[in-house]
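The values are calculated or read from the model by the stated rules, or taken from the named source; none is laboratory data. Note that the structure is predicted; figures quoted are calculated from it, not measured. For neighbour counting, all protein chains shown are included, and Cβ atoms are generated from backbone atoms with ideal geometry for every residue, glycine included. Surface accessibility is based on the protein's heavy atoms, side chains included, excluding ligands, DNA and RNA. Shrake-Rupley method; radii C 1.70, N 1.55, O 1.52, S 1.80 Å.
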Amino acid sequence: MPRTTPLFLVCSIITPSFIKCFNTSPGVFGTRCAAAGAFSPPLGHRLRSSPYPRTSLLLSSPASETAAFAPRNTALDPQVFSTGYSSDPDLAVAVQEAAMAALRGLPSAPDGSPTVDLAMVTVSSVYDTEYSPSIVVPTLIGAVRGGGGDEAANYYRGGVLHVVGATAAGIVSTKEGEPVESEGARGASVTLALLPDVRIRTFHLENEDVPEGECSAEEVAYALGLKDFVEKQALSLLLLPHPAFQSSMSDFLEGLDTAFPGCDKFGASASTVSSLSRARLFRHDQENDRDRGTNTLTVGCVGVVLEGDVQVRTMISPGVRAVGPVLRVVEGSGSTVGVVVQEPPGTGEGEKPDVVEDPKQYWPKPTLAEANRVMKLLSDDDAAFMRQALLIGVEQSGMVGSSPSDLERLSKGLGHRYAVYQVASAGMKTGAVTLPLGSVDVSPGMRLRFFVRDGEGAKDEMKALWSGYKKQVSNFVVSLQLCTRINNIANEFILSPS
């Protein structure tokens with residue numbers, strides 16, 4: 001049967017209520033799906049240069065009549081993600097408890113030596129001061145095989161075929177069906193996945209392995225150890241780079257576009273609580289590991305390539321709130337915004353200026369001057385954040401007048417009105433600001449707004465995004481069922497003896 005079920009939510013920032021919403025009725029839209037919990041990659045920057053780094057990612061299974069890979073009885077075996085969390089002060093105990101909790105969410109293990117296809121682990125970097133991170137993956141695999149001593153767990157005696165993960169300054173996970181979020185505290189989150197019909201491969205490369213300049217697809221794929229995937233089109237790549245790998249990230253992503261055009265790329269950066277600890281990456285590939293063992297790494301980038309009956313859908317919640325009036329660019333080019341002017345009240349549907357009426361506010365000004373003017377009208381907290389990180393949202397094409405409510409727009413699947421970027425540099429003499437290079441092509445007439453961080457707004461946006469996605473999937477399933485019914489009626493009519 002075609003599968004159209006949303007399978008799994010991956011996020012660097014996610015709200016508790018959103019996790020709870022996702023966990024309800026995991027199989028409501030389809031016939032071959034079960035889900036539990038949420039995988040939490042490290043709290044860190046997204047891999048793309050736009051918009052402001054607050055990301056959620058959704059894995060869902062596509063509608064496909066035939067399976068690309070069938071390592072198990074695909075007519076019976078579901079695709080399942082299950083997550084466990086522990087905050088035990090002992091690192092080994094925390095990883096073991098998290099793995100046990102995840103195992104309890106998987107189907108009963110069949111006879112023989114069944115395996116878990118993919119495990120994703122995130123541990124707090126706080127442990128680094130007392131425990132060796134090298135115990136993380138062996139402890140995880142041992143627990144899955146039956147070393148946890150938990151009679152309620154469904155042990156998979158064959159272990160785990162693939163493992164990736166990283167340390168993090170903060171973790172978002174689930175514990176006993178309830179959302180958990182920790183930052184700067186000890187904790188471990190483990191997600192176990194059963195993925196029939198999906199071909200999986202992990203990889204690791206260092207900065208010097210990234211091809212520079214123009215390279216062929218074969219050269220890039222060989223550097224990743226993925227040369228047998230080079231002809232494949234429908235690929236998804238999860239990337240977990242070390243912070244020191246950021247200098248090579250642009251070349252790396254360009255290389256991936258060369259080797260695997262059209263593939264979906266998503267992930268988050270490893271992170272640490274302080275300079276006293278080091279960021280770590282975890283990687284294990286039982287089938288194709290060059291080193292034939294477990295890896296705990298301090299450099300480079302680890303990743304997972306997924307091919308087959310799985311798709312990646314990206315949902316973005318910037319976690320920001322617009323402040324000040326709507327602005328229009330008077331002078332600007334490239335990624336630099338030079339002079340702006342305030343739009344008259346009511347120009348943007350549903351947008352009301354939150355500043356006091358003053359004729360001078362409608363005069364053209366350098367962007368920094370306008371930012372300083374707006375800053376004086378904000379609360380102390382918002383003004384402090386704006387001084388620390390200046391965020392500018394650029395209105396995306398086709399968004400004018402689409403909906404008076406941002407949340408309503410997201411719930412309808414129309415996307416964000418503004419793409420939000422952090423200012424990369426500013427000219428003190430000219431008052432111009434420059435956005436990340438290549439992120440946007442500024443031109444006179446474009447509409448802008450200033451933004452500040454807003455955690456509560458991010459929660460509401462994620463709810464709206466998820467609601468919109470569920471509506472899209474539900475509508476597709478209804479259409480599919482209608483088409484199937486019509487097809488069955490047609491077949492009955494054609495085959496009827498009369």
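Among residues of the range 468-491 that are closer than 28 Å to Leu410 by Cα and of a type in the set (Phe, Trp, Tyr), those with a beta-carbon under 9 Å from a residue that is at pLDDT 75 or above and surrounded by 14 or more Cβ atoms within 10 Å (Cβ to Cβ) at least six positions away or on a different chain give the pairs Tyr469/Arg313; Tyr469/Met315. Answer yes if at least one residue in the range 155-164 is without any contact (Cβ under 8 Å) to a residue 24 or more places away in the chain and either among the hydrophobic types (A, V, I, L, M, F, W, C) or over 17 Å from Leu297 (Cβ atoms) (or both), and no otherwise. Checking the range 155-164: not a single residue is without any contact (Cβ under 8 Å) to a residue 24 or more places away in the chain and either among the hydrophobic types (A, V, I, L, M, F, W, C) or over 17 Å from Leu297 (Cβ atoms) (or both). Scan the range 372-394 for residues that are free of Cβ contacts under 8 Å to residues at least 60 places away in the same chain and either at positive phi or crowded, with 18+ Cβ neighbours inside 10 Å (or both) and the total you get is 3. Applying the condition of being hydrophobic (A, V, I, L, M, F, W, C) and in contact with a Phe, Trp or Tyr (Cβ under 6 Å, 6 or more places away or on another chain) to the range 104-120 and asking which residue is modelled with the lowest pLDDT yields Ala109.
For the residues Gly455, Gly415, the requirement of being closer than 24 Å to Arg313 by Cβ and surrounded by 15 or more Cβ atoms within 10 Å (Cβ to Cβ) singles out Gly415. The residues of the range 469-486 that are of a type in the set (S, T, N, Q) and either under 21 Å from Met315 (Cα atoms) or over 38 Å from the mean Cα position of the chain (by Cα) (or both), listed by number, are Gln472, Ser474, Asn475. Cβ-Cβ contacts under 9 Å between residues 6 or more apart (or on different chains), taken from a first residue in the range 97-121 that is more than 12 Å from Tyr85 (Cβ to Cβ) to a second residue that is open to solvent by 10 Å² or more (accessible area, probe 1.4 Å) and among the basic types (Lys, Arg), are listed as Ala109/Arg157; Pro110/Arg72; Gly112/Arg157; Ser113/Arg157; Pro114/Arg72; Pro114/Arg157; Thr115/Arg157.
Only residues that are in contact (Cβ under 8 Å) with a residue 12 or more places away in the chain, within 27 Å of Gln388 (Cβ to Cβ) and either outside any loop (DSSP other than H, G, I, E, B) or in contact with a Lys or Arg (Cβ under 6 Å, 6 or more places away or on another chain) (or both) were counted in the range 441-464, giving 16. Annotation: of all residues in the range 166-180 being over 16 Å from Gly105 (Cα atoms) and touching a helix residue (DSSP H, G or I) at 6+ places or on another chain (Cβ under 7 Å), the one that is surrounded by the fewest Cβ atoms within 10 Å (Cβ to Cβ) is Ala169. A single entry from Pro261, Pro318 fulfils the requirement of being crowded, with 22+ Cβ neighbours inside 10 Å and assigned to a loop (DSSP other than H, G, I, E, B): Pro318.
State whether one or more residues within the range 86-96 are more than 19 Å from Thr272 (Cβ to Cβ), open to solvent by 40 Å² or more (accessible area, probe 1.4 Å) and not in a loop (DSSP other than H, G, I, E, B). Yes, the range 86-96 contains at least one residue that is more than 19 Å from Thr272 (Cβ to Cβ), open to solvent by 40 Å² or more (accessible area, probe 1.4 Å) and not in a loop (DSSP other than H, G, I, E, B).
Of all the residues in the range 252-285, those that are farther than 26 Å from Gly187 by Cβ and without any contact (Cβ under 8 Å) to a residue 12 or more places away in the chain number 2. On the stretch given as the range 358-371, residues that are open to solvent by less than 60 Å² (accessible area, probe 1.4 Å) and part of a helix (DSSP H, G or I) total 6. Return a yes/no flag: does the range 426-440 have any residue that is assigned to a loop (DSSP other than H, G, I, E, B), open to solvent by less than 50 Å² (accessible area, probe 1.4 Å) and either of a type in the set (S, T, N, Q) or at pLDDT below 80 (or both). Looking for residues that are assigned to a loop (DSSP other than H, G, I, E, B), open to solvent by less than 50 Å² (accessible area, probe 1.4 Å) and either of a type in the set (S, T, N, Q) or at pLDDT below 80 (or both), one finds at least one in the range 426-440, hence yes.
Of all the listed residues (Val144, Val126, Val137, Val93), the sole one being under 24 Å from Leu297 (Cα atoms) and in contact with a helix residue (DSSP H, G or I) (Cβ under 8 Å, 6 or more places away or on another chain) is Val144.
Conditions tested, residue by residue: (1) under 27 Å from Asp117 (Cβ atoms); (2) open to solvent by less than 30 Å² (accessible area, probe 1.4 Å).
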{"position": "Ile200", "(1), (2)": "yes, yes"}
{"position": "Glu208", "(1), (2)": "no, no"}
{"position": "Lys227", "(1), (2)": "yes, no"}
{"position": "Leu239", "(1), (2)": "yes, yes"}
{"position": "Ser247", "(1), (2)": "no, no"}
{"position": "Asp251", "(1), (2)": "no, no"}
